């Protein structure tokens, strides 16, 4: 089971009857607890040049429509010209409301799945942080008092960011990458500490995947972030890529936690004048496009259905798999929700699977309010990596030169 699959499984098992999704309060003032010392490399899940999860095997088996396969060996950049700063989602299995600073198998697994592939283009820095744990999430979803300190998570990541700027950045461009809780923390850090700082000029882009980023309807900036707009065209940098994912034929239900911004202090269905940002990494300007999906060969984990086979008679020996042309995505606004709609381009004459897993299940039932949260990044992973590189090249062309 992947760490992210564990997250959703535990939350799903604890879920009450359908209704507005519970929310964890936003971070308040910085926690008085001492932040970790990020000048110590042990406070980092990933740093360049180490044998850590971001140096893991990323080889891919490419499965063609005729069922033939080829291995695609992963190659890391020998002299990457820019950096990536990654914050992982809610994965900690620690029994306390906030996690400790020791990486478990779950933190290692999610960095392998979400961050390691970016080393093809950039140096990856990923701090450990005292995140809100699965224990706290499960308690929230069963109506227990919320005791986790979200300000602690924000303070930790901000301290790690400042240490990275001090020790490692040296004027280089940087792509911020997060998923779920990690994206939420990065969003708050951008709003509080980065937008109005000198460091904003070094932001190539912020990939805030699997969280609701609010923007005024019809606009690209002015909601959660006041100065950093959404990415809407090739060659643009200093912008945000964000989306939440649902199947095209299974849109967000009324009780979905993703895709809609409710007015403060109201029920989840009350409009706020804000919409959730959606930027398709395969088509920034809009429209439907085939994505460069890269999936875990084993499927989406035990909280989802099993991926029976990628093609009849095909055994995948690599950790990851590509099925070119099988997945398309398009940003959709419908019924008060904004999301990335994913289509599986099933073809009975194609030797490959006509289905992909990724729906969250509990007791054999699909929880439609979660959408495809398990595979938010895999459905467009190749596009995200290439987009980071394209944006970095544009940043280097007209932005500050990277220092050696």
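The values are calculated or read from the model by the stated rules, or taken from the named source; none is laboratory data. Note that the coordinates shown come from a computational prediction; the quantities given were computed from them, not determined experimentally. Every residue, glycine as well, gets a Cβ built from its backbone with ideal geometry; the counts of neighbours run over all protein chains shown.
Kindly check whether there is at least one residue in segment 162-175 that is closer than 25 Å to residue 330 by Cβ and not in a helix (DSSP H, G or I).
yes
Against the definition (within 18 Å of the chain's Cα centre (by Cα) and in contact (Cβ under 8 Å) with a residue 12 or more places away in the chain), how does residue 204 come out, yes or no?
yes
Does residue 365 fit the bill of being surrounded by fewer than 22 Cβ atoms within 10 Å (Cβ to Cβ), without any contact (Cβ under 8 Å) to a residue 12 or more places away in the chain, more than 23 Å from residue 280 (Cβ to Cβ) and out of contact with any helix residue (DSSP H, G or I) (no Cβ under 6 Å at 6 or more places or on another chain)?
Against the criterion (surrounded by fewer than 22 Cβ atoms within 10 Å (Cβ to Cβ), without any contact (Cβ under 8 Å) to a residue 12 or more places away in the chain, more than 23 Å from residue 280 (Cβ to Cβ) and out of contact with any helix residue (DSSP H, G or I) (no Cβ under 6 Å at 6 or more places or on another chain)), residue 365 qualifies.
Could you tell me whether any residue of segment 133-142 is touching a strand residue (DSSP E or B) at 6+ places or on another chain (Cβ under 7 Å), at pLDDT below 95 and either surrounded by fewer than 17 Cβ atoms within 10 Å (Cβ to Cβ) or part of a loop (DSSP other than H, G, I, E, B) (or both)?
Checking segment 133-142: at least one residue is touching a strand residue (DSSP E or B) at 6+ places or on another chain (Cβ under 7 Å), at pLDDT below 95 and either surrounded by fewer than 17 Cβ atoms within 10 Å (Cβ to Cβ) or part of a loop (DSSP other than H, G, I, E, B) (or both).
Kindly list, by first and then second residue, each pair from a residue in segment 179-193 that is on the phi > 0 side of the Ramachandran plot and touching a residue at least 24 places away in the same chain (Cβ under 8 Å) to a residue that is in a helix (DSSP H, G or I) and surrounded by 24 or more Cβ atoms within 10 Å (Cβ to Cβ), limited to pairs with Cβ atoms under 8 Å and residues at least 6 apart or on different chains.
Here the result reads 180/4; 180/7; 180/373, each pair linking segment 179-193 to a residue that is in a helix (DSSP H, G or I) and surrounded by 24 or more Cβ atoms within 10 Å (Cβ to Cβ).
Quick check, is residue 372 buried (at least 20 other Cβ atoms within 10 Å of the Cβ) and over 19 Å from the mean Cα position of the chain (by Cα)?
For residue 372, the condition - buried (at least 20 other Cβ atoms within 10 Å of the Cβ) and over 19 Å from the mean Cα position of the chain (by Cα) - is not met.
Table: residues versus (1) in contact with a strand residue (DSSP E or B) (Cβ under 9 Å, 6 or more places away or on another chain); (2) more than 23 Å from residue 135 (Cα to Cα).
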| site | (1), (2) |
| --- | --- |
| 43 | yes, no |
| 50 | yes, yes |
| 54 | yes, yes |
| 72 | yes, yes |
| 83 | yes, yes |
| 87 | yes, no |
| 94 | no, no |
| 98 | yes, no |
| 103 | yes, no |
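Out of everything in segment 196-218 that is assigned to a loop (DSSP other than H, G, I, E, B) and touching a strand residue (DSSP E or B) at 6+ places or on another chain (Cβ under 9 Å), what residue ends up being surrounded by the most Cβ atoms within 10 Å (Cβ to Cβ)?
Going through the qualifying residues, I end up with 213.
Kindly indicate which of 355, 343 is at pLDDT 95 or above and over 26 Å from residue 86 (Cβ atoms).
After applying the criteria, what remains is 343.
What residue, among those in segment 290-309 that are within 14 Å of residue 245 (Cβ to Cβ) and in a loop (DSSP other than H, G, I, E, B), is modelled with the lowest pLDDT?
So, considering only residues that are within 14 Å of residue 245 (Cβ to Cβ) and in a loop (DSSP other than H, G, I, E, B), the one modelled with the lowest pLDDT is 304.
Within segment 180-193, identify whether any single residue is touching a helix residue (DSSP H, G or I) at 6+ places or on another chain (Cβ under 9 Å) and surrounded by fewer than 17 Cβ atoms within 10 Å (Cβ to Cβ), and answer yes or no.
The answer is yes, given that some residue of segment 180-193 is touching a helix residue (DSSP H, G or I) at 6+ places or on another chain (Cβ under 9 Å) and surrounded by fewer than 17 Cβ atoms within 10 Å (Cβ to Cβ).
Just the residues that are within 25 Å of residue 189 (Cα to Cα) and out of contact with any helix residue (DSSP H, G or I) (no Cβ under 6 Å at 6 or more places or on another chain), please, taken from segment 48-79.
48
Just to be sure I understand, how many residues within segment 360-404 are part of a loop (DSSP other than H, G, I, E, B) and modelled with pLDDT under 90?
Count: 10.
So, in segment 104-129, exactly how many residues are closer than 20 Å to residue 187 by Cα, part of a loop (DSSP other than H, G, I, E, B) and over 14 Å from the mean Cα position of the chain (by Cα)?
Matching residues across segment 104-129 total 2.
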